[in-house]
Amino acid sequence: MLSLPCTAPLHPALRFGPEVPRVLRACPETRARSTTRRPGSGRLGRHPVDRRSSARSPATRRGSVVMAAAAAPASTGEALIVIDMQNDFCLPDAILRVNGAMDCLPQVVAAVEEARRRGTPVFWVIREHEPSGIDVERTRTHLFPPHGPGATVKGTPGAALVSPLAVADGELVVVKKRFSAFFQTPLDVMLRRLGTRRVVLCGVQTPNCIRSAAFDAVSLDYEQVTVLHDATASKSDEVQKANLEDMAAIGVEIVAVSDWSAEKKK
């Protein structure tokens, strides 16, 4: 069992990478050391553990834990999970372009807006990889040096959310290295911390990341797993239909964004 240096609970409004997070800001004694006076300057300087650098990806970084700009989202029993809506998957000339990604974008935007209006927590699940590709699946190493430039490399425009999507203050970003949003990430822990019983999925692409997340959510015994079919995309209509049918067969609810929105307004 992992032993931590302090017993203060993790603040839920944190950005986690896939590795085990270092609990820095949860400890009062660490916070007390986060600013120190520089000798002779009379000015407050940053403690080394508080150094950050900016990048072009959805959240401020670096390190495995970064405090969000606002308080943790309130629990509503439901959470919207937006998966892989990044430039390298969505733009017409993207290295891993998903057919239909740009077509489903307006519905993804609508789902996010509805979730925010209702106070439903929004989780942004993204892929990010090292420039070398050392952390990518073996089946995708051919995309990285020396064979190619890589895909969704952290800090690059390709890893950023496709416009006009953007992370709002207090929303949570989860970085994954594999297809499922739940595989070796803290997503399940954070959802349960918020008391989430129902998960709603949208994004790309349906046969890979949406499907694997849906199957994992069912295996993790969430009360209800929903896929917003018009806010997802596949390489063809046939693939989309077959995968939606497979998910429905294991109990996943398949609905349009408009139906989900109408249901929430009842």
### Task
Please work out which residue is farthest from Arg178 (Cα to Cα), limiting yourself to region 191-208 and to residues that are part of a helix (DSSP H, G or I) and either in contact with a Gly (Cβ under 7 Å, 6 or more places away or on another chain) or without any contact (Cβ under 8 Å) to a residue 60 or more places away in the chain (or both).
Arg192
### Message
Which residue is farthest from Ile83 (Cα to Cα), if the candidates are limited to region 136-175 and must be touching a helix residue (DSSP H, G or I) at 6+ places or on another chain (Cβ under 8 Å) and part of a strand (DSSP E or B)?
### Response
Val153
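Here is a yes/no grid of residues against (1) within 14 Å of the chain's Cα centre (by Cα); (2) not charged (D, E, K, R):
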position	(1), (2)
Ile81	yes, yes
Asp93	no, no
Ala101	no, yes
Ile126	yes, yes
Leu143	no, yes
### Task
Please identify the pairs in which a residue from region 99-119 that is without any contact (Cβ under 8 Å) to a residue 24 or more places away in the chain has its Cβ atom under 6 Å from the Cβ atom of a residue that is among the aliphatic types (A, V, I, L, M), counting only partners at least 6 apart or on another chain.
none
### Message
I'd like to know if region 187-196 contains one or more residues that are closer than 22 Å to Leu105 by Cα, crowded, with 16+ Cβ neighbours inside 10 Å and at pLDDT 95 or above.
### Response
no
#### Entry: Residue list for region 242-257, restricted to those being part of a helix (DSSP H, G or I) and either free of Cβ contacts under 8 Å to residues at least 40 places away in the same chain or within 20 Å of Asp221 (Cα to Cα) (or both)
Ala242, Asn243, Leu244, Glu245, Asp246, Met247, Ala248, Ala249
### Task
Residues being outside any helix (DSSP H, G or I) and either more than 17 Å from Pro207 (Cβ to Cβ) or among the basic types (Lys, Arg) (or both): count how many of those fall in region 98-119.
1
### Message
Checking the conditions here, which among Ala256, Ala249, Ala262 is out of contact with any strand residue (DSSP E or B) (no Cβ under 9 Å at 6 or more places or on another chain) and either under 24 Å from Leu105 (Cβ atoms) or hydroxyl-bearing (Ser, Thr, Tyr) (or both)?
### Response
Ala262
### Of residues in region 70-91 being assigned to a loop (DSSP other than H, G, I, E, B) and modelled with pLDDT of 95 or more, the one surrounded by the fewest Cβ atoms within 10 Å (Cβ to Cβ)
Leu91
### Message
Looking at region 222-251 only, could you name the residues that are under 20 Å from the mean Cα position of the chain (by Cα) and farther than 19 Å from Gly100 by Cα?
### Response
Tyr222, Gln224, Val225, Thr226
### Message
Within region 127-134, does at least one residue satisfy the condition of being at pLDDT below 95, among the charged types (D, E, K, R), in the same structural domain as Asn87 (by TED's automatic domain parsing) and part of a strand (DSSP E or B)?
### Response
yes
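The values are calculated or read from the model by the stated rules, or taken from the named source; none is laboratory data. On a predicted model such as this, the values are computed, not experimentally measured, just so you know. Note that each Cβ is placed from the backbone with ideal geometry, even for glycine, and that neighbours are counted across all protein chains shown.
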